[in-house]
Structures are given as C-alpha cells and as structure tokens.
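Everything below concerns the one structure shown next.
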Amino acid sequence: MNLTNDQKKEILLKYINPEKDFVKAEDGRILISRDASRKIAESFNLNIATGGQFEPKAICDYIIARERQRLAAKASIERKKDKERQEQNQRLSKIVACLKQAKSEDKSDFEIAKSLYELGKMPFSEIINGVEQAISAGVLDSSNKVKEFYRIFINRSVATSRFSSYVNSTNRDRIIEGVANDLINYYTKNFLSFGHLRYALNDSGLDEEIIDEVINLFYKKYEPFFIERFKGIDDNQELAHTIYQKLMDEDVFDSTFIIDYLNKMKKADEVDDIAYSLYRLEQDEKRVYKILMIKDISLEERVKKLKDLDLHYPISCLKRTFDILRPAYNLPYDEILELYQNGSTLHVEEPAQSEEVIEELIPRSPDISSLNKDGDGFIEPHDPVDKETTQLVQRRLQIIKKEKEVEKIEKKKTLALLLIGAGFIPVAVLALIFKVDPLTASKNCVTALSQLGNGSLGLSGILPDVGKFTALLAGMGTSFVAFVKYLKHRKKINGLNEEIEDIEDMEQAIEEVEEIKKGRR
Amino acid sequence: MEQGSTWTLSDGKKYTVVSIVKEKKKKYVYLIDREEIQNYIIAEYNNDEIIEVIDPDLLEVLIVKFNEDLKESLPKVISEYL
C-alpha cells in the first residue's frame, strides 16, 4: 500500500512533535527526545533501554512501515467483510428465490424446508432471516412450520454424521453402547423425535442388526426417563392420553413396550385400564387415517365420516395426527378441524364407492366382542375385567404389534420388487438390440443394484435371493434369460436370432451358471 | 392401480405394479410376481382387466416407455421409502 507524503506526515505527527521532540546529542547527532522515544516504544511495544533515544530516520521509517501494515490489514478486513456481505446477500436471495419457487409449486412446509436444506450448508440465522422476509413479503404464511422442519433436517444431518462416526469402529459392543447413549441423549433433550432419529440411524450406514440392538438398548436405557416423565400423572385416562400423544406418535414406542414400562410403575389392574385406553386410541388413529386417505370426497363428507367414528380421540390427538400427515398429503386440515369442532352436523348421501373403500380399509383385529360387556364395541375400563380379558387384550396388543411388523416388511418387499423390476427393463432394452442408449438404460439397473447391494435401504433378507449383491446378480442373470425367452416367444421371428447372437452367448453362459447353481443345491 | 400396489390376478398369484405408462390413450402396466420375481407380465389395463401384450412391436415401444417412467419415478419411490 502506497502512502502519499502528506499521509506520511500526518502519521508521523501523531507520534512526533517536530518543534520539541528533536534534540541534539552530545556527539552532535540529532535524536528523538527521551520522553518521545519512550512514548513511541510504548505505542509499538518496542524494547528501548531506559533513557534510550531513537534515531529520527530509522524510527520514522519504522512508524511508516507499521502504519502501512495496519492500513493494509484494515483494508483486507474491509474487503473480507464486503465479500461476506455479498455472499450473505447472495445466499439470502437464493433462500428467498427457493421459498418463492417452492410456494409457487404449492409445496408443503416440510417440502419447502427440504428444498432449503438441499440448497447447501447455510447459517441457521440466515435461513430464519430469509423465512422472516418471505413472511413479510407475503410469500409464506406466518403460521408456517418451515423453520421447525429446517431445524429437523439440520439436526438429522448432525445425528447422522455422529452415528456414522461409529461405522468404522471394530468393537461391536462399544458401537452399540455409544450409539444408544447418543440416541438417548438426543431424544431426551428433544434434539429430534424418535422417528427422525430412526431416519438418521438408517442413513448412518450402520449395519441393520446393530441398529436393532441399539434400539433394544435404548429401550432399556429409556426406562428411568419414562417412569420419571409420567409418574406425576395419577389419573389413568389422562396418563393414557399423555402417553399416546407424547410417545405413540413417535412410531417406535409400540403398545407392548409401553406396557412393559407401565408394569414397573403401576398396579396390574391400572395397567390394564391404561392399556384399554391406549388400544382404543390406537384404533381411533387408524380409523382417522383411513378416512383421511379416501380420495375424491368433499370436505363435508370427510368431516361427517370423522364424526361418525365417534372417536375417543381427544382433539389434541386429532390435531397431532393431522400434523403428522400434513407434510405428506395435501388436505385442507385446518378446515377439516374447524368443521369437525364447530361445524353443523351435515347429512350427506354416502356414495357407495366410498363405503367400499372404508370397508376394505378397516383394520382386521381378533374378535374379542364377547368381552365387550356393554355392547358399545370396545372393551373398556368399566367392563368387568378378569384374567382372561387381560390376557386377551395383551394378546391383541401383541397381534397389533405383529401386524405392524408385517406391514413394514411388506413395504420393504414392495420396494425391493420395484427396484428389481426397474433392473429388468434395461436388460430387456439391451435385448431389443440397443435401440436406446444402453448406458442410459443401464442406469436404472445400476441404481437398483447398488441400492440393493450396499444395504443402504436395509433390504437384506427381505427377498431370499436378492439379499446380497452377488445373489442379486445371479437373479438378474436368471431374469435376463427369462426375458429373452419371453421376447423370442412373443416375437416368433427368425430375423432377430442373428442380431441377438451375442446375447444368446451370454444367455448360454448364464444358463451354465444356473446349472452349476442347481448342481450345488 | 398405482405404482407399488399389489394385485391378485386370476392365476391366484399376487403381483406388484412396477410401472404404469400410457401409449395411444391406452394404459399399460408392468407387473412382477411377488413370490417368483422372474415371472412378470406386461399388459394392457382396462376396466380392472389385464390383457397381456403379445404384439412384439408394441412391446418394444412399451419397454422403452417403462424404462423412461422408472428412470423418473424410482428416485422418488426410494426417497419416499427413506
């Protein structure tokens, strides 16, 4: 940085007064006075002997050099600040543009938060600022939950990387203990809900069996927290509702687990009492879901169906269910709730089709109607309770748990089938003599294979022959043969044979592999 | 009928819908047997009826279409699952 003579003069005048600070030494040299030298030394943190004096040329050069450095540093800081401001503005525009775009596409708050998260790493305060600006500009509704959902995404990525840090450890017990401790820490401090923690665990790359053991250990570790959390609530109905609202919606804490805990804090008959309530709430929730899932019915019809359920569900639970569904399904939840709470009781003709849907969707449960003494369709605390009832209810709760497990496995299996199905198509395309770019076509195949092969979807063991990568390849080989045969059978043409000569070689090779496999079996 | 749903056909087997495409105003489905994955069907879907496609030229067109559909829908399915 260059300084003009005037600037240099100005700087030097801060430290040296030319009228009194230049003095003549005994040897005739001109020096800076002792007093001024001491002050200069203090200003620049220099060492100077007591009574020492600076030589004017040297100290002036030094002061100018230091000042030049200081100004250069200041300019650099200013430039950096400018750059940061510029970047911050760019990020803010990006955030606002993303919000506008998301809103124009009618995305839910959850999806908007996801879009923001996908913009890349950004300071949380800037996201808040962007959202606030979008609210002021009328882009977003002030009651939106974008900030809340964004926080969830951020926390999920923190939890995922924390869990991932255990992946390379070789001590299995230590991994399980460490992850379970983190899990309990995150959960009890409301860092994330259990559902989201499960997502983070699944994304961490940890082995599925380890995750299962982590969850089991988590249950054990959570017990004292559970007891502490709910011990003050004496009314059993209130306790059931509180537990349901706080824990059941987390999707992990199923009835059996809760009842295990309750057994440690309540008497047996009280536990039964709470179990009935939990069961009823669970049933109510299922029914509410089914009603919300019916397609193409009016708002009034939907509300009427909800009212007809005669729910035991408190309104707070209903709100919670709506909030869970809100990100996934676009329905006028607020209007439904409003009409449900305050609307008139409309009489709506039931379209036959909707009834069928309901019938089809009502969950199957074991028949315990004989135990329902007052005939209202539910076994309730005021129905006489005996040992048999308790056992049946507990069995019923077990069955519900099993049903949930089966549902989850079936869902996984469907995904596996879709991936495999997607994998078949490129093979078929290749069999159709490369009429489309085989590389592009194979992308689906590669995606399917890698998703299944790396175990990231936790599909191992769902389909017996595709659990592992190698087994999947064998499966693909089999499918390839089958598909070529299928096409040949369908086409019944000779001309194709010549073109698929290479493929037939492969077919032959695969058939040989199959033969070998059969031989091994 | 939607992607991922399960249907029981007249052979008594359960099939999962892998892909659905439209070609010349008709709806075609690609089904895969839930138990024997090598067993799949490409068929026209009309009023709850499944008519297997046997025309080789149409098959060619449909396979390319299914490929396009899956290329687009698969990432969504996976992200929904996750």
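Data overview
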quantity: Cα-based Lys pair tally, the range B:6-81, threshold under 14 Å, eight or more apart or on separate chains; calculated: 5
quantity: A:Asp207, A:Asp109, ranked by accessible area, largest first (probe 1.4 Å); calculated: A:Asp207, A:Asp109
quantity: Long-range HN-HN contacts of B:Lys27 with modeled amide H, under 5 Å; calculated: B:Tyr45
quantity: FRET efficiency, 1/(1 + (r/R0)^6) with R0 56 Å, evaluated for A:Asn2 and A:Ser104 via beta carbons; calculated: 0.60
quantity: Largest-first principal axis extents, alpha carbons of the range A:18-98, Å; calculated: 77, 19, 18
quantity: Debye intensity ratio in log₁₀ form over the Cα atoms of the range B:6-81, taken at each q of 0.21 Å⁻¹; calculated: -1.01
quantity: Neighbour cut-off at most 10 other Cβ (10 Å), DSSP loop, trypsin sites (Lys or Arg not before Pro), the range B:1-74; calculated: B:Lys24, B:Lys25
quantity: 1.4 Å probe accessible area per residue over the range B:6-81, in Å²; calculated: 54
quantity: Distance histogram for the range A:187-306 (every C-alpha pair counted, 10 angstrom bins, percent rounded to whole numbers); calculated: 11, 36, 29, 19, 5
quantity: Cα gyration tensor, the range A:138-251 - rounded (a/c under 1.5), prolate or oblate; calculated: oblate
quantity: Contour excess over end-to-end distance, with Cα ends at A:Phe225 and A:Val23 and 0.36 nm allotted per residue; calculated: 64.7 nm
quantity: The range A:291-310 versus the range A:61-129: alpha-carbon centroid distance in Å; calculated: 47
quantity: Cα-based radius of gyration of the range A:75-174 once divided by 2.2 N^0.38 Å, which approximates compact folds; calculated: 1.36
quantity: Nearest-10 value in Å² for the accessible area of A:Ile297, using the 1.4 Å probe; calculated: 20
quantity: Estimated FRET transfer efficiency (A:Glu84, A:Ser169; beta-carbon r; R0 30 Å; 0.05); calculated: 0.20
quantity: Label point distance in nm, B:Glu2-A:Leu46, each placed 7 Å from Cα along Cα→Cβ; calculated: 8.1
quantity: Accessible-area composition of the range A:180-320, carbon plus sulfur, in percent [1.4 Å probe]; calculated: 45
quantity: Carbon + sulfur, % of accessible area of chain B - ligands and nucleic acids excluded, 1.4 Å; calculated: 47
quantity: Extended-chain gain in nm, criterion 0.36 nm per residue less alpha-carbon gap, A:Asp234 and A:Asp334; calculated: 32.7 nm
quantity: A:Asp235 - accessible surface, heavy atoms, 1.4 Å probe, Å² rounded to 10; calculated: 80
quantity: Distance (nanometres) between label positions extended 7 Å along Cα→Cβ at A:Asp269 and A:Ser157; calculated: 5.6
quantity: Accessible area of B:Thr6 in the full protein assembly, 1.4 Å probe (Å², nearest 10); calculated: 60
quantity: Per residue accessible area in Å² of the range A:65-152, where ligands, DNA and RNA are left out and the probe is 1.4 Å; calculated: 63
quantity: Loss of accessible area when B meets A, both sides summed, Å² nearest 100, probe 1.4 Å; calculated: 3400
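The values are calculated or read from the model by the stated rules, or taken from the named source; none is laboratory data. Quantities reported herein were computed from a predicted structural model and do not represent experimental measurements. Quick reminder, even Gly has a Cβ in these numbers, built from the backbone with ideal geometry, and neighbours come from all protein chains shown. These area figures cover heavy atoms from the full protein model, side chains too; ligands, DNA and RNA do not enter into them. Shrake-Rupley method; radii C 1.70, N 1.55, O 1.52, S 1.80 Å.
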